[in-house]
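Structure, as structure tokens:
The values are calculated or read from the model by the stated rules, or taken from the named source; none is laboratory data. Being a predicted model, the structure only gives us computed values, none of them experimental. Cβ placement follows ideal geometry from the backbone for every residue including glycine, while neighbour counts extend to all protein chains displayed. Only protein heavy atoms, including side chains, enter the accessible area calculation; ligands, DNA and RNA are left aside. Shrake-Rupley method; radii C 1.70, N 1.55, O 1.52, S 1.80 Å.
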Amino acid sequence: MMRHSSLFKVWFLQVLFILTWPVLAGCQERPDPFNGLKNKHMIQTLKEFPNKANRWNVPADDGRFLYDLIMDHGYQRVVEVGTSNGYSALWMGFALQQTGGSLITIEINRERAREARQNIEKAGLSSVVEVRLADAMDVLPGLEGPLDMVFLDADKSQYMDYFQHLDPLVSPGGAITAHNVLTMEYAMRDFLEALRSRPEYDPQTHRSSRQGILVARKHEKGEGR
Ligand SMILES: C[S@@+](CC[C@H](N)C(=O)[O-])C[C@H]1O[C@@H](n2cnc3c(N)ncnc32)[C@H](O)[C@@H]1O
């Protein structure tokens, strides 16, 4: 028979494991998001970016993901819905500066749009990134295509509406990308189902992003699923 002190030890170790596991799991090593980048100004600008809790910026890993996506495909015409103070816009802007492209990014909040413009100017990206202060639902119907990539990161319950406006503008080979598809899936089920039901898209959720980034590439003509 186990003595009381042994039982207590087993119980204590179990509780300790349950309490520390999430912390240990979160500490698993992730690649450095700045790994392999050579542009010192870009690295310094992104590292010194004024992230604040109430600005909901994408993590640096996700910024790097967007940067690589643009660089890998040579994307040039990009639209972002949900600028906040411009962190993801800076990552994409630095990539677009190299591909010769440009970004239109839309923000409904006056103060955040002002901060974004300031951050973009400081980064030297004003000729690459245009911030539009507006409700995306007013801007998207008037946008002209073709677009290579869109990044959705505004009101999660409106992703379906953004998609309906942007889908016809995305060219074959281009991609619809969206943030928070793991953490806020419940708010965008209609959007996710619509994408999955469309044979010309190939939606993939990238779990390297803690919050989940979806990339749905539109097939080139003649490309099978
Ligand atoms: C998660 S934050 C964007 C973070 C940003 N992409 C970044 O990583 O730095 C979402 C932003 O979308 C904006 N937003 C929400 N609904 C919007 C709409 N209908 N049109 C434009 N912007 C909107 C919010 O004001 C908020 O600043």
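Here are the numbers for the structure shown:
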item: Ordering of 199-207, 171-179, 118-126 by packing [mean C-beta count within 10 Å, highest first]; result: 171-179, 118-126, 199-207
item: Evaluated over the stretch 109-225, the Cα radius of gyration and Dmax, each in Å; result: 15.2, 46
item: Distant alpha-carbon pairs in the stretch 159-206 (separation over 15 angstrom), percent; result: 42 percent
item: For the chain, alpha-carbon Rg relative to the globular expectation (2.2 N^0.38 Å, N residues); result: 1.20
item: Stretchable slack from SER208 to ASP32, in nm (0.36 nm times residue separation minus alpha-carbon distance); result: 62.1 nm
item: Two-site label geometry, TRP56 and GLN44: point separation in nm, points 7 Å out along Cα→Cβ; result: 3.3 nm
item: The stretch 40-218 - percent of accessible surface contributed by carbon and sulfur, probe 1.4 Å; result: 46 percent
item: Residues in the stretch 152-190 reached by a label modelled at GLU144 [backbone nitrogen below 19 Å; 7 Å Cα→Cβ]; result: 165-172
item: Coarse-grained scattering of the stretch 36-85 at q = 0.13, 0.15 Å⁻¹, given as base-10 log I(q)/I(0) from a Debye sum over alpha-carbon atoms; result: -0.37, -0.50
item: Accessible area in square angstrom per residue, the chain, 1.4 angstrom probe; result: 55 Å²
item: Total charge dipole magnitude, the stretch 102-151, about the Cα centre, Cβ charges on Lys, Arg, Asp, Glu only, Debye to nearest 20; result: 220 debye
item: Pairs of lysines in the chain (C-alpha under 25 Å apart; 8 or more residues apart or interchain); result: 8
item: Residues listed by number, the stretch 123-156, amide nitrogen under 18 Å from GLN76 label point at 7 Å toward C-beta; result: 127-130, 144-150
item: For the stretch 42-144, alpha-carbon Rg relative to the globular expectation (2.2 N^0.38 Å, N residues); result: 0.98
